[in-house]
Structures are given as C-alpha cells and as structure tokens.
Amino acid sequence: MAGKIVAISLFSGAGGLDVASFEAGIPVISSIDIEHDCIETLKRNSRFDQTEIMEGDLHQIESPVFKNILDRHPHDKFIVIGGAPCQPFSKAGYWVGHETRRGIDDPRATLVNEYLRVVTDLQPDGFVFENVESLLHPTNKVIVERFLEIIKESGYKYRVVRANAIDYGVAQRRKRLFILGTKEEFKRTEPVKTHADPEICEMIGLKPYVNAGDVIKGYEGSEYFEPEEVMEGGTYYPDLCEVPPGMNYKALTAWYGYPNPKFIAEKRYWSFLLKLSPDLPSWTITASPGPWVGPFHWDNRRLRVPEVAALQAFPRGYQFYGTRRSIQKQIGNAVPSLMGKAMIEFVKESLE
C-alpha cells in the first residue's frame, strides 16, 4: 500500500483540479495561483483550511519552497497536479531544435516549462497535467513531444489522454488533454469512464450522460436572481426567445425552414444565441462569453453563478470571490472536478 498520498497543485485557479484531488482521496497541501480572485475563492472554501495557499507567479517561486511544504506535511508519496495556462496556440508554430536539452524552446510554453521544472526538481511519485486539446494540433505538437521527452528522461511512464467531460459524469461536453505520469506501473490502459450515450450505455454497463437540467435544478427561484442574467431589451432578445432549447441562431435560418429567415446559416459563430436544453448535456462553458454568446438558459436568460458552477461539476455550495465577470472566468477556466477525479484516481491507482 502507498500509505498517505498528498498533492502539490500548480496554477490552481478556482480549484477545480484541487477539488478533484480531495474527492480522489488525495489532500492538497499546497495551492498556488497568480490571480488574486482565485486565491480568495480558495480561501472561502473550508476544504482548503489545511492547504498552504500562495498568491504568486510560479516563475518567481523556487522549487525548494515546495520541498519545505512537503517537509511540513507528513506523507508517504505525493503527486503534482495542474493545468498550465498557455498563450493562444496560433497556426504559426515555433519549432524547437533537437539540440535543446532543457525545457521547451517555444515562447508560448513558459508556464509549461515551469510545471516541468517543479516536476523534475521535486520528482513526485506521479503527476497530472491538463491543457487544451489543441495542444495536440500539428503546429503545437512539438510542445507535447518535448514535454514527453523530458518526463521520460526523469523516469516517468505516461499516458496521453484526450478526454471529454461528459464521459465522467459532467453535464457538459468539454474536451481536454491530460498527460498522466507515474514512477510505478499503470494498472490499466486508461482512466475509467463512467457515462456514455443513453443509446448504448446499458449495453456497455455505464450510466447515461448527465443532462443540464439534472444538475441546475433548484436554482430557478427568485432567491438566486442575478442582475447580470437579464437579457430583456437587448438587441437580439426577441430572437433568443424564438430559439428552441438545444438550438442556436440556425433555428432562425432558411436552413432550418424558418419563415422570413433572420440569419444565414454558418455566417455566425456557432454559440451565437445558443440555448441549453434541460434534456441534453451543456456545451462547453467559456471563460469570457461575448454579449450574445451562449449557452443561455432555456428561460431566455444568462446562467446564474451556481448554475454555471454546477455545469462545471463544482460541489454544491462552493463559494467564489470577485465580480460576475471574474467568477465566470474562474469557472470557465476550471477543470470539471469529476473529470479531474477520474484522471487523479488513474494515477493514484498506480501508486497503491
């Protein structure tokens, strides 16, 4: 048996992956983020009462700081978790020469390098790294390839997992990339999926996908009202009201058979006037939606904070700090905890 396993969290944000670690039975002993509002969010939630929370830039925090934290918290093994923010990965790739032996020579990957620096310096028993799926795009894959070279040189076995949150009980379609590492042997080939399409779930022994209506039920009352949710009087409010649940602006085009079409199909971004259906999983929750970018509630309003948090699988009652815009960004950037839990359990299993 592994005994007590603890976690060091990097780029903690609002704590999505940290919550996942707690839920996987691995307490987080250290969380760090550069955003003040994220740090205040962590401090508002009691599960972090024993966590050493740091506000700061990881570039400026030496690895011995984390070694000292580990020394203060009894453990048998430990892991490092985190999703390093990356600058938008453009199609103009920056290529790295094979002569580069330390780090990734790519100006977009400075925070990825900091994650790797902590892992290679601390030599944890395992790690969970999360990022956008487009990191695997041909113009960006050099970053992943060099990442894998560096961790192999450090003695890690790894799995690269392209995951969708709905497969793990999250009421949201959200694709993410995980690189999972361990010094031991993986006990299975991939993290355990728990949910599947209702048409095949019974056949393969999994639960049906969780729908938006299942997780945000109970937040429709006036006690949860937020001024920011109101759309009445806006330019496209009458159009929003005409969009059926589960559809977007294309419901008001000739393509959909709408009389006197108001828009032309494929001429707008797909999430324009996008409306949730209570009977389907949500689309991806974004960090900074535009004025008429969804998903909107089927009651023709913006989603409320507890609804957005529920769709991102934050525990009921989780507290956030900041303006409505800041909270939306925190939630939209978070790893859905149920998704993260499956990844952390996969690594934990190899250490037991």
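Around Glu229, under 12 Å between beta carbons, what's the net of Lys plus Arg minus Asp minus Glu among the other residues?
On the way: positive: Arg301, Arg302, Arg304, Arg324; negative: Glu220, Glu226, Glu228, Glu232, Asp299, Glu307.
Net charge in that neighbourhood comes out at -2.
Using only Cα atoms, locate the centre of segment 7-32 and the centre of segment 230-246, then give the distance between them in Å, rounded to an integer.
Cα centroid to Cα centroid, the span is 38 Å.
Rg/Rh for segment 254-299: what does it come to with C-alpha atoms and Rh from Kirkwood? Working shown, then result.
Details: Rg = 12.0 Å, Rh = 12.0 Å.
We get a ratio of 1.00 for segment 254-299.
Ranked highest first by the average count of other Cβ atoms within 10 Å around their residues, in what order do 133-140, 111-118, 48-55 fall?
111-118, 48-55, 133-140
Express the C-alpha Rg of segment 297-337 as a ratio against the empirical globular expectation 2.2 N^0.38 Å, rounded to two decimals.
Against the empirical 2.2 N^0.38 Å value, I get 1.11 for segment 297-337.
Work out the FRET efficiency for Ile61 and Glu199 from their Cβ-Cβ distance, taking R0 = 41 Å, and round it to the nearest 0.05.
Computed FRET efficiency for Ile61 and Glu199: 0.25.
Once the whole set of protein chains is in place, how much accessible area is left on Phe346, using a 1.4 Å probe, in Å² to the nearest 10?
Accessible area of Phe346: about 10 Å².
Let me check against my output: what whole-number percent is the relative contact order of the chain, with C-alpha pairs under 8 Å and at least 6 apart?
20
Counting helices only, and only those DSSP H runs with n ≥ 4, report the 222 nm mean residue ellipticity of the chain as the sum of -39,500 (n - 2.57) divided by its residues, in deg cm²/dmol to the nearest 500.
That comes out to -8000 deg cm²/dmol.
Ignoring any ligand, DNA or RNA, what whole percent of the accessible area of segment 218-352 comes from carbon and sulfur when the probe is 1.4 angstrom? Provide the component values of the computation, followed by the final result.
Details: 3320 of 6240 Å².
The C+S portion of the solvent-accessible surface of segment 218-352 is 53 percent.
Which ³J(HN,Hα) values, rounded to whole Hz and listed in residue order, are derived for segment 157-164 from phi using the Karplus coefficients 6.51, -1.76 and 1.60 in 6.51 cos²θ - 1.76 cosθ + 1.60 with θ = phi - 60°, glycine and proline given as x?
8, 8, 9, 9, 10, 8, 10, 10
Just to make sure I understand: if all protein chains stay in place, what is the order of Trp255, Trp270, Trp298, Trp292 by accessible area at 1.4 Å, largest first?
I get Trp255, Trp270, Trp298, Trp292, largest accessible area first.
Just by accessible area at a 1.4 angstrom probe, what is the order of His59, His73 from largest to smallest? Write out the running numbers ahead of the final one.
Values: His59 85, His73 35 Å².
If we order His59, His73 from most to least accessible, we get His59, His73.
May I ask you to order 256-262, 159-165, 327-333 by the average number of other C-beta atoms within 10 Å around their residues, highest value first?
327-333, 159-165, 256-262
What ³J(HN,Hα) values, in whole Hz, does the Karplus curve 6.51 cos²θ - 1.76 cosθ + 1.60 give for segment 206-223 when θ = phi - 60°, with x put for Gly and Pro?
Going residue by residue, I get 10, 7, x, 3, 7, 8, 4, x, 5, 9, 9, 4, x, 9, 7, x, 5, 5 Hz, with x marking Gly and Pro.
Just need the relative contact order of segment 148-298 here, percent rounded to a whole number, with Cα pairs under 8 Å and 6+ apart.
Relative contact order comes out at 20 percent.
Which lysines have a Cα less than 25 Å from the Cα of Lys183, not counting those fewer than 8 places away in the same chain?
Partners within reach: Lys4, Lys67, Lys77, Lys141, Lys152, Lys157, Lys193, Lys341, Lys348.
Please compute the volume of the convex hull spanned by the alpha-carbon atoms of the chain and report it per residue in Å³.
Looking at the chain, the number lands at 152 Å³ per residue.
Would you please put 202-213, 274-285 in order of how densely packed they are, using the mean number of other Cβ atoms within 10 angstrom per residue and starting with the highest?
Packing proxy ranking, top to bottom: 274-285, 202-213.
Might you report the magnitude of the Cβ-based charge dipole of the chain about its Cα centre, with Lys and Arg at +1 and Asp and Glu at -1, to the nearest 20 debye?
For this selection, approximately 580 debye.
With every protein chain left in place, what is the accessible area per residue of the chain in square angstrom, probe 1.4 Å? Present the calculation step by step, with values, prior to reporting the outcome.
Numbers: 16370 Å² over 352 residues.
With all protein chains present, the chain gives 47 Å² per residue.
What does the charge add up to near Glu349, with Lys and Arg as +1, Asp and Glu as -1, over the other residues with Cβ less than 11 Å from its Cβ?
-1
Below 11 angstrom from the Cβ of Glu242, what's the summed charge of the other residues (Lys, Arg +1; Asp, Glu -1)?
Surrounding charge for Glu242 is +1.
Give the Rg/Rh ratio for segment 1-53, taking Rg as the radius of gyration of the Cα atoms and Rh as the Kirkwood radius, to two decimals.
Computed over Cα atoms, the ratio is 0.97.
The values are calculated or read from the model by the stated rules, or taken from the named source; none is laboratory data. Small disclaimer: the values here were computed from a predicted structure and weren't measured. Heads up, the Cβs are rebuilt from the backbone with ideal geometry, glycines too, and the neighbour counts pull from every protein chain shown. The area values use the complete protein model at the heavy-atom level, side chains included, leaving out ligands, DNA and RNA. Shrake-Rupley method; radii C 1.70, N 1.55, O 1.52, S 1.80 Å.
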